[in-house]
Every structure is written in structure tokens, then in C-alpha cells.
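Enquirer: Can you read through this structure? Questions will come right after.
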Amino acid sequence: MAIKITDECINCGACEPECPNNAIYDAGAAWRFSDGTTLKGVIDFGDGSTLDAEETQAAISEEFYYIVSDKCTECKGFHDEPQCAAVCPVDCCIDDEDVRETEEELLAKKDWLHS
């Protein structure tokens, strides 16, 4: 699974610098797969779809910080627990029930992001 930020977020920004995958963005901020990863050029998602890692993606939230689930590994391979949840003063970094991944899948995603 991935972590998501709920609408209880107070936009303090404590979580953003803690993410080893640069998967957390400020409200309204565009994002790229290349941000904080080693992904460059055309990336293959393994399902027949591709995308330029440098291509700007639209913000997921205009109101509060957000996490890009395709970049979130729950800090597997880096830390024992998700660092965003550990530092959040209002406990709004929670499991995303819509994105379920095994530990093996999260570790594989970490390797893909940082190959």
C-alpha cells in the first residue's frame, strides 16, 4: 500500500523533506517521476504504458500536501516506518486503502525508482 495525506493536513510541510522518494508535494505543485529519483528519459511501467520521467504531471491536490502513490514505497528499504507519518503533527499521513502493495512490491518499486 501507499500512504496518503488526508484533508486534515495543516500544510506545515514537516513531511515533505522526510520522503526518500520525493513523493510528497505541496498543494498545487506539479510533480515529475524524475524528482528525487534516478528515473530519466522514457520510463516503462511494465504494462505497455510509458512516460517521460521529466514530464510535468498535474498536482493531485490544490488544497493540501499530497503523496504520489506511484512514488511512495512507505519508506521500505530506507526506514523502519513511513517517515511522513512519524513526523506529522496531526496524524494525517495514513494508509491509502485504495493502493495495496506487498513488501516485495514496495521494495521492487524502490529499486525501480533508484536503480
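Enquirer: Considering only residues of the range 1-38 that are among the hydroxyl-bearing types (Ser, Thr, Tyr) and surrounded by 15 or more Cβ atoms within 10 Å (Cβ to Cβ), which is nearest to ILE67 (Cα to Cα)? Let's see the steps before the verdict.
Expert: Pass one, the range 1-38, residues among the hydroxyl-bearing types (Ser, Thr, Tyr): 6, 25, 34, 37-38.
Subset that is surrounded by 15 or more Cβ atoms within 10 Å (Cβ to Cβ): 25, 34, 37.
Numbers: TYR25: 6, SER34: 15, THR37: 15 Å.
Among those residues, the one meeting the criterion is TYR25.
Enquirer: Output yes when any residue across the range 58-70 is surrounded by 12 or more Cβ atoms within 10 Å (Cβ to Cβ), over 22 Å from GLU97 (Cβ atoms) and not aliphatic (A, V, I, L, M), and no when none is.
Expert: Within the range 58-70, not a single residue is surrounded by 12 or more Cβ atoms within 10 Å (Cβ to Cβ), over 22 Å from GLU97 (Cβ atoms) and not aliphatic (A, V, I, L, M).
Enquirer: Of the numbered conditions (1) over 16 Å from ASP111 (Cα atoms); (2) assigned to a loop (DSSP other than H, G, I, E, B); (3) within 15 Å of the chain's Cα centre (by Cα); (4) of a type in the set (A, V, I, L, M), ILE10 satisfies every one except a single condition; which is it?
Expert: (3)
Enquirer: With the condition kept exactly as written, say whether any residue in the range 86-98 is part of a loop (DSSP other than H, G, I, E, B) and modelled with pLDDT under 95.
Expert: Initially, the range 86-98 is screened for residues part of a loop (DSSP other than H, G, I, E, B), giving 88-92, 97-98.
Now restrict to residues that are modelled with pLDDT under 95: 97-98.
Yes: one or more hits.
Enquirer: I'd like to verify a number: residues in the range 28-57 that are in a loop (DSSP other than H, G, I, E, B), of a type in the set (A, V, I, L, M, F, W, C) and more than 23 Å from GLU97 (Cβ to Cβ), how many? Show your work before the answer.
Expert: Taking the range 28-57 first, the residues in a loop (DSSP other than H, G, I, E, B) are 28-30, 32-41, 45-49, 53-56.
Then keep just the ones that are of a type in the set (A, V, I, L, M, F, W, C); that gives 29-30, 33, 39, 45, 53.
Add one more test, that the residue is more than 23 Å from GLU97 (Cβ to Cβ), and what stays is 29-30, 33, 39, 53.
Selection size over the range 28-57: 5.
Enquirer: When residues of the range 29-78 are filtered for being among the hydrophobic types (A, V, I, L, M, F, W, C) and over 19 Å from ILE94 (Cα atoms), how many remain?
Expert: Quick first cut of the range 29-78, residues among the hydrophobic types (A, V, I, L, M, F, W, C) only: 29-31, 33, 39, 42-43, 45, 51, 53, 58-60, 64, 67-68, 72, 75, 78.
In the following step, the residues that additionally are over 19 Å from ILE94 (Cα atoms) were identified as 29-31, 33, 39, 42-43, 45, 51, 53, 58-59.
Of the residues in the range 29-78, 12 are among the hydrophobic types (A, V, I, L, M, F, W, C) and over 19 Å from ILE94 (Cα atoms).
Enquirer: Of the numbered conditions (1) closer than 11 Å to ILE3 by Cα; (2) surrounded by 12 or more Cβ atoms within 10 Å (Cβ to Cβ); (3) charged (D, E, K, R), LYS76 fails exactly one; give the number of that condition.
Expert: That leaves (1) as the condition not met.
Enquirer: Looking at (1) under 19 Å from ASP35 (Cβ atoms); (2) crowded, with 16+ Cβ neighbours inside 10 Å, can you tell me which one CYS92 breaks?
Expert: Exception for CYS92: condition (1).
Enquirer: Let me ask you something else. Given the conditions (1) in contact (Cβ under 8 Å) with a residue 40 or more places away in the chain; (2) farther than 14 Å from ALA23 by Cβ; (3) surrounded by 14 or more Cβ atoms within 10 Å (Cβ to Cβ), report the number of the one that ALA108 does not fulfil.
Expert: Going through the list (1) in contact (Cβ under 8 Å) with a residue 40 or more places away in the chain; (2) farther than 14 Å from ALA23 by Cβ; (3) surrounded by 14 or more Cβ atoms within 10 Å (Cβ to Cβ), ALA108 breaks only (1).
The values are calculated or read from the model by the stated rules, or taken from the named source; none is laboratory data. The model shown is predicted, which means the values in this text are computed figures rather than measured ones. Cβ coordinates were reconstructed from backbone atoms using ideal geometry, including for glycine residues, and neighbour counts include every protein chain displayed.
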